[in-house]
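The values are calculated or read from the model by the stated rules, or taken from the named source; none is laboratory data. What you are looking at is a predicted structure, and each value in this text was computed from that prediction instead of being measured. For neighbour counting, all protein chains shown are included, and Cβ atoms are generated from backbone atoms with ideal geometry for every residue, glycine included. The accessibility values were calculated without ligands, DNA or RNA, using every heavy atom of the protein model including side chains. Shrake-Rupley method; radii C 1.70, N 1.55, O 1.52, S 1.80 Å.
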Amino acid sequence: MARPTETAVMDAPTTPGSGRTRYADDLYTWVQEQVALLRAGRVDMLDLENIAEELGDVGSAQYSQLESALRVLIMHMLKWDQQPEKRTPSWIYSIREQRFRYAKILRKNPGLKPHLDTMRDDIYPISRNWAADECHLLPTEFPPECPYTWDDLLERPFDLDSVKT
């Protein structure tokens, strides 16, 4: 993506009297202006409060993406274990995909590692409920706590030969 020049950014729609776009009015243009100001060394003109807010949101988004991959991974593993007669190749593909997403997000965000056990414990009830819904079972028919170690979650093999076709 081409980056706008500082001149182009400064010519963008602005708030009356400020010469700059307001954060609440146009996030994209506001971001471009803040980037141009940073690159130009104009730290005195930065909207620090909203920059801090956006940076916090970026971190939260990474946490949520990792949590989402883990939630789907656990759900499919629970389904796999609970209903072997209904296994399908798509479950294996989903497990592989979520493992890939998990590894990629964690590789790019190693600061999330200290939160993994808490994350797994927090999302397990949601994964259990999803698996129960998809299997047409009660959540109580699944373990009350996550039965999977990290080795299970990330390394346990899933074999297409065990799929009923």
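See the values below:
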item: Residue within region 20-42 that is charged (D, E, K, R), modelled with pLDDT under 90 and closer than 23 Å to residue 118 by Cα present; result: no
item: Hits in region 58-89 (condition: open to solvent by 40 Å² or more (accessible area, probe 1.4 Å), in contact (Cβ under 8 Å) with a residue 40 or more places away in the chain and among the polar types (S, T, N, Q)); result: 62, 65, 82, 88
item: Qualifying position, being open to solvent by 30 Å² or more (accessible area, probe 1.4 Å), more than 19 Å from residue 150 (Cβ to Cβ), not in a helix (DSSP H, G or I) and not small (Gly, Ala, Ser), among 137, 55; result: 137
item: Residue within region 112-133 that is without any contact (Cβ under 8 Å) to a residue 12 or more places away in the chain and outside any helix (DSSP H, G or I) present; result: no
item: Boolean, residue 105 is open to solvent by less than 30 Å² (accessible area, probe 1.4 Å) and in contact with a Lys or Arg (Cβ under 9 Å, 6 or more places away or on another chain); result: no
item: Hits in region 146-162 (condition: of a type in the set (D, E, K, R) and surrounded by 10 or more Cβ atoms within 10 Å (Cβ to Cβ)); result: 152, 156
item: Residue selected from region 111-165 under the condition under 18 Å from the mean Cα position of the chain (by Cα) and of a type in the set (S, T, N, Q), by the criterion farthest from residue 78 (Cα to Cα); result: 118
